[in-house]
Amino acid sequence: MTVGSLDLLEPGVTNDSEAAVQVKRRFIFSPCLLLEQYVEQIEQALAERRHSEVAATLCDGAPTASRQLVRLRCLEPGCGSGRNLAWLAARRRSIDLGDGTSVQVIWEVVGIDFWYGALVRMQELCHIVDYNPGQVKLYHCEIDPETGDMRHLKPPAETCKHHVVPRTHIKDPPASGVLEGGSFDLILCVRFLSRPLHKYMSMLLSGGGYVLYNTFLNMNGTKAFGRPNGREHLLEPAELSDIWFGSAQGFQIVCDDVEIEKPHGRELSLFLAMKK
């Protein structure tokens, strides 16, 4: 698999096809740098953990199909047009577990955003590359700035151009809530910040699951650029490791660094931690 190329998005869409032209014009496929850098390490660790858990529950004569496919789940609040989720959902990777067996890893992804137009663009992509609605679920929600709770938003008004768009991957939340279906193996926060949501993340993550943050820091380059601004949009340096996702909170830090955005010079977190 060639990471970051158009070819990854599906079998069937070639670089000279009409669908590929639509894709190139309307979507950005490169995921965030940190996700691209660590995704194989994340998949390997999760596959090994999942395989050992499944093997421990199966008797010797049980079918091995459940051991051969590992389904991982990713949540991205503030997913926008879904470049990270689309990239993950396209991945199909065979992983050698080192004991003579291998498993196939695939991702099921859940995206949340308050901007309906962005979700529509993501849904268009799902149609172009033929993602199953069960693999990609999108929710039109906002996150309460005080409590971190998810609030489902009403569909756009009839005057909105998106009102008539058939909703295939954009879902109404089930009675049990947007985050139904069990825990997640990866939570992405890319150029997005909601501190009230942090208190739920550990509960939402499976054992061995990861939280990845790539968002703006309250540092000199970001201040000089002038936006985003305000505490609600900017992380403090070392905030994630000291307050939310450090060893004291039951996480193991994999990466904690700073990315300098070009050409603007704004600083972004490069943070990845695993739930112990």
Return yes or no: is TYR200 in contact (Cβ under 8 Å) with a residue 24 or more places away in the chain and in a strand (DSSP E or B)? no
Condition first: under 25 Å from GLN44 (Cβ atoms) and surrounded by 18 or more Cβ atoms within 10 Å (Cβ to Cβ). Now tell me which residues in the stretch 207-220 satisfy that. GLY209, TYR210, VAL211, LEU212, TYR213, ASN214
Report the residue count in the stretch 233-266 for those that are among the charged types (D, E, K, R) and surrounded by 15 or more Cβ atoms within 10 Å (Cβ to Cβ). 4
Just one listed residue, out of ALA56, ALA62, is open to solvent by less than 40 Å² (accessible area, probe 1.4 Å), modelled with pLDDT under 90 and small (Gly, Ala, Ser), and it is ALA62
Considering the stretch 205-225 alone, what residues qualify as being touching a residue at least 40 places away in the same chain (Cβ under 8 Å) and touching a helix residue (DSSP H, G or I) at 6+ places or on another chain (Cβ under 9 Å)? SER206, GLY207, GLY208, GLY209, TYR210, VAL211, LEU212, TYR213, ASN214, THR215, PHE216, LEU217
Subset of the stretch 65-84 that is open to solvent by 10 Å² or more (accessible area, probe 1.4 Å) and part of a strand (DSSP E or B) - its residue that is modelled with the lowest pLDDT: LEU69
Would it be correct to say that GLY230 is in contact with a helix residue (DSSP H, G or I) (Cβ under 8 Å, 6 or more places away or on another chain) and free of Cβ contacts under 8 Å to residues at least 40 places away in the same chain? no
If I ask for residues that are in a helix (DSSP H, G or I) and small (Gly, Ala, Ser), which ones from the stretch 203-243 would you list? GLY221, ALA224, SER241
Regarding ARG151, is this residue modelled with pLDDT of 95 or more and open to solvent by 30 Å² or more (accessible area, probe 1.4 Å)? no
Could you tell me how many of the residues in the stretch 244-276 are part of a loop (DSSP other than H, G, I, E, B) and in contact with an Asp or Glu (Cβ under 8 Å, 6 or more places away or on another chain)? 1
Within the stretch 85-92, is there a residue that is at pLDDT 85 or above, assigned to a loop (DSSP other than H, G, I, E, B) and open to solvent by less than 20 Å² (accessible area, probe 1.4 Å)? yes
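The values are calculated or read from the model by the stated rules, or taken from the named source; none is laboratory data. These numbers were taken from a predicted model, which means no experiment stands behind them. When we count neighbours, we look across all protein chains shown, and the Cβ atoms used for this are built from the backbone with ideal geometry, even at glycine. Surface areas here come from the heavy atoms of the whole protein model, side chains and all, with no ligands, DNA or RNA. Shrake-Rupley method; radii C 1.70, N 1.55, O 1.52, S 1.80 Å.
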